[in-house]
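Right, one structure below, let's go through it.
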Amino acid sequence: MTRKLWFQLAVGILLSLFIIKYFIEVKWILSPVIIVLKTIFYPLIIAGVLFYVTVPAQLFLESKKFPRWASISTIFILISAAIWVGFSIVGPPIIHQINNLIENAPAIVNESTVFVVDLLEKASILPKWLNDAIDAFKDTLTALPAEFGKWTVSLIQSVFSGALVAILTPFFLIFMLKDHEKLVPFVTKFFSGDTKTWIEKTLKDIDDVLNLYIRGQILISSILAILLFIGYSIIGLNFALLLVVFAFFMNIIPFIGPWIAFIPALTIAFFQDPIMAIWVSVITLIAQQTDANLITPNIMGKTLNIHPLTIITILLAAGNIAGLIGILLAVPGYAVGKAIISNIYEQRVKIKRTAQKTI
């Protein structure tokens, strides 16, 4: 029984849970390590995404006889130019729309309060417990304008954190672009024979999965953002550019992200003009159907081979465990885990067949 795959997996899971449990209990010992990991986590993730986006350009430049230092320098010049162009063209209107949104936010909240409360109170004669819930909801909505001060403090803290990320990310990206070919040889130098071959294949599969997912999701999000911007501009939706930028980042999250992006667009459209809300719904539906039937199948294909229900379940679980960062990392993390398990299974089947032939 000890040689069965299910038994070994169960033992591995139990040991992992015990290790996690005791790590949590002695977290005061590991707190310096946790602080360091939290500090480098976001820069490392962002640098990893930028690496997969820019490494094709590096390979192209080096195929044209660029030395490594020149290819890295060119990539950083291109990134800097793209950021400068983006801030020059998109930055001013976005800042203007953010200022308008901040000025109009209290009015939108008050209108929402009146509308929702009137709707609930006029719906029917409600039981006492539901009336108490409505009163609590009223208090929550009424207190929202006062929360803007706290949000401002949080925004300032986020700016400082963002500055730290902006400083560390380029350093990680430089070393990734400089030494990325050295990772596999460094890991496999401790092994030999079939084990070394299996590790090389597993690492290559992980690289392919991350490559496909990151580039594919960014391209899909960009196309959807362009479609939404065209539609919002045609109907004259307020804060169109700001909503599209928000939608770009939310669309990176499969399935759930587009609906998260749809809610603020629908809310703003409704208070601008109820008919506008209908048009926003139509535009969103057209964009989503175009994505589901044309964009995603042609860009992502079925390489990841993950069922939509599995993705939704993973996203919901990851969101409850780790919030937004869990949602962002859930699908690629699952795809990487699936690639590893698939390679373990293939290796076990290969070993079993070899043993049977020997017998």
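What follows is calculated from the coordinates using simple rules that are stated; it is not laboratory data. Everything numeric in this text was worked out from a predicted model, so none of it was measured. No Cβ is skipped: glycine too gets one built from the backbone with ideal geometry, and neighbour counts run over all protein chains shown.
Structure note, pairs 65/178; 201/338; 182/204; 65/182; 196/350: Cα-Cα distances above 18 angstrom occur for 65/182. Label sites at residue 204 and residue 255, each approximated as a point 7 angstrom past Cα along Cα to Cβ, lie 3.1 nm apart.
As a calculated quantity, the FRET efficiency between residue 272 and residue 87 at R0 = 22 Å, using C-beta atoms, amounts to about 0.20.
Once the Cα-Cα distance is subtracted from the 0.36 nm per residue extended length, the residue 218 to residue 98 segment shows a gain of 40.8 nm. Looking at the square roots a ≥ b ≥ c of the eigenvalues of the Cα gyration tensor of region 191-354, which shape do they give, rounded for a/c under 1.5, prolate if a/b is larger than b/c, or oblate? Because a/c hits 1.5 or more and a/b exceeds b/c, region 191-354 counts as prolate.
Here the extension length gained between residue 74 and residue 310 equals 80.9 nm, from 0.36 nm per residue of separation less the Cα-Cα distance.
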